[in-house]
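Peer 1: Quick one: structure below, then a few questions.
The values are calculated or read from the model by the stated rules, or taken from the named source; none is laboratory data. Keep in mind it's a predicted model, so treat the numbers as computed, not measured. Note that we place each Cβ from the backbone using ideal geometry, even for glycine, and neighbour counts take in every protein chain shown.
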Amino acid sequence: MIAGLRRLLLLGACAVLAGAVGMSAAAQTQASAKIAATPPMGWNSWNFFAGKVTDKDIRDTADLLVSTGMRDAGYVYVNIDDTWEGGRDAQGRIKTNEKFPDMKALADYVHSKGLKLGIYSSPGAQTCAHFEGTLGHEEQDAQTYAEWGIDYLKYDLCGFRQNMRETAPNDQAAQNKMMRDAYEKMHQAILKAGRPMVYSLCQYGWDSPWRWAPSVGGNLWRTTNDINASFDRMSLIGREQAGLARFAGPGHWNDPDMLEVGNGRLTHDENVLHMTMWAMLAAPLIAGNNLTAMTDDVKSILMNREVIAIDQDTMGKQGDRVYAEGPVEIWAKPLKDGSKAVAVFNFGELVTDLRPVGLHLKELGFSGGAKAHDVWGNKDLGVIKDDFDAPIARHSVLLLILRK
């Protein structure tokens with residue numbers, strides 16, 4: 001159902017954005033919101049394949065997204081990260097390298113599976129991995145992407161930072177303007193190309209992008225440096241999103257980076273906490289795990305329908321921290337039906353660190369108790385009050401839906 005609704009929204013966006021060039025800023029923003037009305041969901045090649053990704057890997061991934069049920073759970077974007085790029089032909093048109101012999105055919109294959117294809121580039125002359133960038137070819141590349149059938153562009157500042165430093169050494173304000181102008185230039189190129197594409201700004205939180213990224217067409221923007229598959233890095237990034245809720249909403253989302261669920265040495269509890277935090281943040285859910293070796297446990301976490309529904313709630317409100325007590329933090333996210341998702345995180349480090357819950361229901365907007373549903377436990381708890389006691393182990397979370 002989630003995937004079907006997403007596909008309908010995307011199809012509806014096609015007609016709107018085809019005529020977006022020349023629209024007012026407000027109209028462009030409204031059109032952009034239809035592309036990413038809820039946080040984008042999908043899979044990205046970098047975490048598992050890095051620079052070794054090939055056409056076959058992407059085709060196999062598309063097949064696996066279908067056969068595992070991930071597509072039907074909402075993971076519809078198949079995103080190729082860096083290293084697909086070749087050079088340019090005599091007319092300056094971007095070419096793919098030998099790993100991707102026919103990008104249009106690949107897009108057609110991905111689309112035939114009911115999925116969308118994403119691609120990667122940089123506003124610089126080179127990408128992070130030193131492949132061909134977009135500098136000076138913005139309109140040409142956007143038109144090529146449109147002709148190939150691309151649905152999502154991750155645009156990585158990495159290769160452009162050298163240009164910024166060389167052009168405006170020691171002038172941070174000038175560098176910031178260069179960055180914004182570069183992202184706006186590609187935004188206009190996408191509009192001119194006439195094909196709706198999710199526009200993902202990957203600039204590592206530089207210059208507080210939540211304050212300006214929507215004005216350059218960003219549907220999502222990275223708020224931090226890169227994530228990795230460690231609890232310390234993942235939990236730090238999640239906690240750093242406190243205070244950013246007011247900048248997110250339909251069509252424009254804070255992006256704390258890709259999911260590491262199923263990667264590295266994250267335990268079951270840590271994977272659950274990670275998925276919960278990203279859902280509470282209304283974050284894009286872009287998986288990056290090895291789908292060929294995905295365990296039933298990882299499947300159950302990535303495809304928990306109730307947790308995905310919290311992330312994808314059409315009200316479009318990002319959750320925020322309500323209060324903290326030592327390593328325990330309570331976050332709340334309002335939902336369209338009037339209920340609230342409430343997550344109690346224990347970030348404690350001691351192996352024996354079992355923390356009691358003090359819900360402070362009044363601070364969460366519930367006086368005299370609330371009807372509670374335990375999401376991960378998949379059970380109703382009846383009416384709970386502030387004396388509700390469910391001790392939470394280190395690196396674990398209790399996720400509740402509360403109703404009056």
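Peer 1: Only residues that are touching a residue at least 60 places away in the same chain (Cβ under 8 Å) and at positive phi: list them for region 352-404, please.
Peer 2: Listed by number, the residues that qualify are N378, H395.
Peer 1: Oh, and also: Just to be sure I understand, how many residues within region 90-116 are in contact with a strand residue (DSSP E or B) (Cβ under 6 Å, 6 or more places away or on another chain) and either farther than 20 Å from D156 by Cα or not β-branched (V, I, T) (or both)?
Peer 2: So the answer is 7.
Peer 1: Now for a different question. Out of (1) of a type outside the set (V, I, T); (2) buried (at least 19 other Cβ atoms within 10 Å of the Cβ); (3) under 23 Å from the mean Cα position of the chain (by Cα); (4) more than 21 Å from P196 (Cα to Cα), what's the single condition that is false for Y145?
Peer 2: So the condition that Y145 fails would be (4).
Peer 1: Go through region 244-346 and tell me which strands (runs of 3 or more DSSP E), entirely inside it, have 1 or more residues that are surrounded by 24 or more Cβ atoms within 10 Å (Cβ to Cβ).
Peer 2: So the answer is 253-255, 285-287, 328-334, 340-346.
Peer 1: Quick check on region 140-149. Is at least one of its residues within 23 Å of V66 (Cα to Cα) and either free of Cβ contacts under 8 Å to residues at least 12 places away in the same chain or assigned by TED's automatic domain parsing to the domain that holds T68 (or both)?
Peer 2: Yes, that holds for at least one residue.
Peer 1: A follow-up question, please. State all residues of region 55-113 that are among the polar types (S, T, N, Q), surrounded by 22 or more Cβ atoms within 10 Å (Cβ to Cβ) and farther than 21 Å from A146 by Cβ; if no residue qualifies, say none.
Peer 2: Within region 55-113, T61, T83 qualify.
Peer 1: Continuing with this model, one more query. Out of (1) more than 24 Å from A287 (Cα to Cα); (2) in contact (Cβ under 8 Å) with a residue 12 or more places away in the chain; (3) in contact with a Lys or Arg (Cβ under 7 Å, 6 or more places away or on another chain), the odd one out for D89 is which?
Peer 2: D89 satisfies all of (1) more than 24 Å from A287 (Cα to Cα); (2) in contact (Cβ under 8 Å) with a residue 12 or more places away in the chain; (3) in contact with a Lys or Arg (Cβ under 7 Å, 6 or more places away or on another chain) except (2).
Peer 1: Does region 170-224 hold any residues that are charged (D, E, K, R) and either within 24 Å of A146 (Cβ to Cβ) or in contact with a helix residue (DSSP H, G or I) (Cβ under 9 Å, 6 or more places away or on another chain) (or both), and which are they?
Peer 2: Residues satisfying the conditions are R180, D181, E184, K185, K192, R195, D207, R211, R222.
Peer 1: Does L399 satisfy the criteria of being outside the structural domain of L236 (by TED's automatic domain parsing) and modelled with pLDDT under 95?
Peer 2: When the stated conditions are applied, L399 does not pass them.
Peer 1: Go through region 16-48 and give me each residue that's under 22 Å from G74 (Cα atoms), assigned to a helix (DSSP H, G or I) and either over 17 Å from the mean Cα position of the chain (by Cα) or modelled with pLDDT of 70 or more (or both).
Peer 2: A31, A33, K34, I35, W46, N47, F48
Peer 1: For a quick check of your reading: which strands (runs of 3 or more DSSP E) sit entirely within region 80-156 and have at least 3 residues that are over 20 Å from K56 (Cβ atoms)?
Peer 2: 152-156
A quick yes/no check of all residues on (1) more than 21 Å from L236 (Cα to Cα); (2) among the charged types (D, E, K, R):
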position	(1), (2)
A324	no, no
I330	no, no
D337	yes, yes
V342	no, no
F347	no, no
R355	no, yes
G358	yes, no
K362	yes, yes
G365	yes, no
